[in-house]
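The values are calculated or read from the model by the stated rules, or taken from the named source; none is laboratory data. This is a predicted model, so every value here is computed, not measured. With ideal geometry, Cβ positions are generated from the backbone for all residues, glycine too; neighbour counts draw on all protein chains shown. When the accessible area is computed, the model is the full protein with side chains, heavy atoms only, and any ligands, DNA or RNA have been set aside. Shrake-Rupley method; radii C 1.70, N 1.55, O 1.52, S 1.80 Å.
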Amino acid sequence: MDNDQKLDSEFRFALDLSEREREQSSTLNTGFDEETATWRVIVRYYGDLYEVERQLPGVQVIPLYHQYGIVRVSQEQLEALAAIPQIQYMEKPKEVYFSLEAGRSASCVNLVQGRRAQERRSDENIGEEYGAAVQQEQSDGNGVVESETAVQERGLTGNGVIVGIADSGIDLTHPAFRKSDGSTRILKLWDQIVQPEAGTDQKAPEHYKHGVEWNQEQINAALQGSQEYGRLPGDTGSAHGTAVAGVAAGNGSGSAGQRYRGIAVDSPIIFVKLASGGEGFSRTTEVMEALDYIVREAQKADMPVAINLSYGNNNGAHDGNSLFEGYITQLAGVWKNVICIASGNEGDSRHHARAQLASEPQRVQFVIGPGERSLSLQLWKQYTDDFSIFLESPDGSRVLVENTREVRRYELQGTSVYVYYGEPTPAQITQEIYLEWILPENAAGSLPEGSWGLWMIPEKIVGGVVDLWLPSTERIGLSTGFLEPEPDTTLTIPSTANGIIVVGAYDVARDAVASFSGRGDTADGRKAPTLVAPGVGVVTAAPGGGYTARTGTSIAAPFVTGSAALMMEWGIVRGNDPYLYGEKVKAYLIKGARRLPGQENVPDKKAGWGALCLSDSLPKR
């Protein structure tokens, strides 16, 4: 392809393989629809993206904010698409996985939810499951003391601020998401999975061309038994979306005394049910569309919005420079929004390693555990550094990996290892070396188990830092990992974007960061996570109207999302600060965060600036 420099390294690697080889890979076929033989790709463009449809019949485009877009294109038309001058860069979709491992009071939320929320419950021990309530009086720093009673009088519930969630789905019948009269709190729902049912008025949302959009009136009619607009979509993906929504915005109805209420209990909700969520993953293309949709709908409603994303992956340089991360960075500056993203559950997964090369050879060892049918390993290095690579299999066989722009295949211990050397691109300053293990066609069994080695022999070293990532826990087995892992820089992508709030998880019972919580900093040295929130054994909404305990940074992030909604209610809706959104909310949350026991440095790579404390994050007036 003449314009292949417009493609990211993984895309070029994928296109150099046959369709059969891609199908065997765990990652390289993501974004390709076998039924239609088309790719959905992320693009950065200038000018009019619809010009692509005029030049290439059959191609479908979806422009997003800030000159990003999604394009559906046949494989035969990819070269023609890359040749169009308006297309600056193209990125292959990646899978993203929800960050869930198989305390309201601890976060100082009870103090600001106010009497209105307090009156809804009869259980005075509501905070016990999350830890002791913060009972101290609050000072504004000028000697003026504001008592807990005065803080409660604020009565913040999220009214007038949208909570936007992109996730696996939501149980629309759950009482936590319905008002006292039984009507829905869902303002809009976009189900990306289904197509409009014949004989109904169902249609895709304007601008996005797929899935089915439900408005509040249509949801209410369906809740009352009407089938005119079709059947209500439910939750998939291990009930992940219902749990996340329950923490961010559930009102606790259906639990004794509304014991298990979430944070923004009166916020209207915009929910996007992500395509492919039934298997616990979606794609970066669908996530970008979902976030774009939420912001556009919030603008139409003229309401600020707090957005939650509890998905991530290990696929990339972790430096914020992919199109996926870049789009989220740009979106954070659109309208009055706050974007909260889970840091991921890779802190103790053994899926990241780091080497510091100087003059001596170094070996990075990793184990392939039982049952792996395919595996990818990404090595990211500074382009100024040159070194040779030898790959060693468990039986002692070793091959020299050639440094060439062509895909190379090596046979080791009965399996094929494909290697691709990427180059810096207009979007990426570092260099990627991508290895993919694929079983031979019709082979039974799994990849060779045991300890593999990657030898790096220095030739010319300037910086010397090499980062290596295996896929995240949701993709590979727990026994696959590096023998000497590096737990830092285990944030999952896109929590490595700029302009967002990155949320890790802590265990309220121990008052300590959860071992699985993804750690900072980003690969380019930015401080993260921003803060941590309860993420171990949190009781939240479950499909069917009940409640259950969930664990993971997926559950920690919506604590902060809901808190951001309460802060914007206080600032924007109530007129205390019309500019309380975006980075300003982040700054206030950082200032109010509570240092955890043993947290010597603030920020640090585990807890960031500390644990969420909403009452201390709100200015005292």
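List of remarks:
- Applying both filters, DSSP loop and at most 12 other Cβ atoms within 10 Å, to the GluC sites (Glu not before Pro) of segment 327-403 gives GLU402.
- Relative contact order %, segment 185-261, counting alpha carbon pairs below 8 Å whose residues are six or more apart: 22 percent
- Fraction of the pair-distance distribution of the chain above 30 Å, Cα-Cα pairs, percent: 53 percent
- Burial order of peptide ranges 241-250, 80-89 (average beta-carbon count within 10 Å, highest first): 241-250, 80-89
- Label-to-label distance, GLN413 versus GLN67, with points set 7 angstrom from Cα along the beta-carbon direction: 4.8 nm.
- Each label point was placed 7 Å from the Cα along the Cα-to-Cβ direction; for ALA221 and TYR383 their separation is 5.6 nm.
- Solvent exposure of segment 8-80, expressed per residue, is 40 Å² of accessible area, with all protein chains present and a 1.4 angstrom probe.
- In order along segment 288-294, phi translates into HN-Hα couplings of 4, 4, 4, 5, 4, 4, 4 Hz, rounded to whole numbers, per the Karplus curve 6.51 cos²θ - 1.76 cosθ + 1.60 with θ = phi - 60° and x for Gly and Pro.
- Sites listed here are GluC sites (Glu not before Pro) in segment 206-310 whose DSSP assignment is loop and whose Cβ has at most 13 other Cβ atoms within 10 Å: GLU206, GLU228.
- For the pair ASN442 and ASP181, a Förster radius of 51 Å applied to the C-beta separation gives a FRET efficiency near 0.25, rounded to the nearest 0.05.
- Rounded, prolate or oblate (a/c below 1.5 giving rounded, otherwise prolate when a/b exceeds b/c) for segment 506-621 by Cα gyration tensor: oblate
- Here the contact order of segment 302-419, divided by its residue count and restricted to Cα pairs under 8 Å and six or more residues apart, works out to 18 percent.
- Only aspartates and glutamates eight or more places from LYS6 in sequence, or on another chain, were considered; those with a Cα closer than 14 Å are GLU79, GLU91, GLU423.
- Whole-Hz Karplus values for segment 527-544 come out as 6, 6, x, 6, 6, 10, 9, x, x, 10, x, 7, 7, 8, 5, 10, x, x Hz, taken residue by residue from phi with 6.51 cos²θ - 1.76 cosθ + 1.60 and θ = phi - 60°; glycine and proline positions read x.
- Rolling a 1.4 Å probe across the protein heavy atoms gives segment 416-472 an accessible surface of 33 Å² per residue.
- In sequence order, calculated HN-Hα J values of segment 254-270 (Karplus, 6.51, -1.76, 1.60; Hz; x Gly/Pro): x, 10, 4, x, 6, 4, 9, 5, x, 9, 8, 6, 10, 5, x, 10, 10
- For the peptides 476-483, 432-439, the ranking by mean Cβ contacts within 10 Å, running from highest to lowest, is 432-439, 476-483.
- Placing unit charges on the Cβ atoms of the charged side chains and taking the dipole of the chain about its Cα centre, the candidate lying farthest along the positive direction among ILE493, GLY246, SER388 is GLY246.
- Dipole check for the chain: with +1 at the C-beta of Lys and Arg, -1 at the C-beta of Asp and Glu, and the Cα centre as origin, the magnitude is about 1780 Debye.
- Distance between modelled label sites at SER18 and GLU600, nm, 7 Å Cα→Cβ extension: 5.7 nm
- In this structure, the amide hydrogen of TRP190, modeled 1.01 Å from its nitrogen in the peptide plane, lies closer than 5 angstrom to those of TRP214, PHE271, VAL272, LYS273, counting only residues at least 5 positions away or on a different chain.
- Only beta bridges with both residues in the chain are counted; by DSSP, about 75 percent of them are antiparallel.
- Part-to-part distance (alpha-carbon centres) for segment 283-333 and segment 394-447, which is given in Å: 31 Å
- Distant-in-sequence amide contacts of GLN88, defined by a placed amide H-H separation under 5 Å and a gap of 5 or more residues or a different chain, comprise ARG44, TYR45, TYR46.
- Calculated FRET efficiency, ARG510 to GLU76, Cβ-Cβ distance, R0 = 51 Å: about 0.35 to the nearest 0.05.
- For segment 247-346, the relative contact order comes to 21 percent (Cα pairs under 8 Å, sequence separation of at least 6).
- Segments 501-508, 165-172 sorted - mean Cβ within 10 Å per residue, highest first: 501-508, 165-172
- Paramagnetic label zone (point 7 Å from Cα along Cα-to-C-beta, ASN498; backbone N under 13 Å) in segment 290-325: 319-322, 325
- A straight line joining the Cα centroids of segment 27-70 and segment 467-544 runs 31 Å.
- Portion, in percent, of the accessible area of segment 470-621 that falls on carbon or sulfur, probe 1.4 Å: 48 percent
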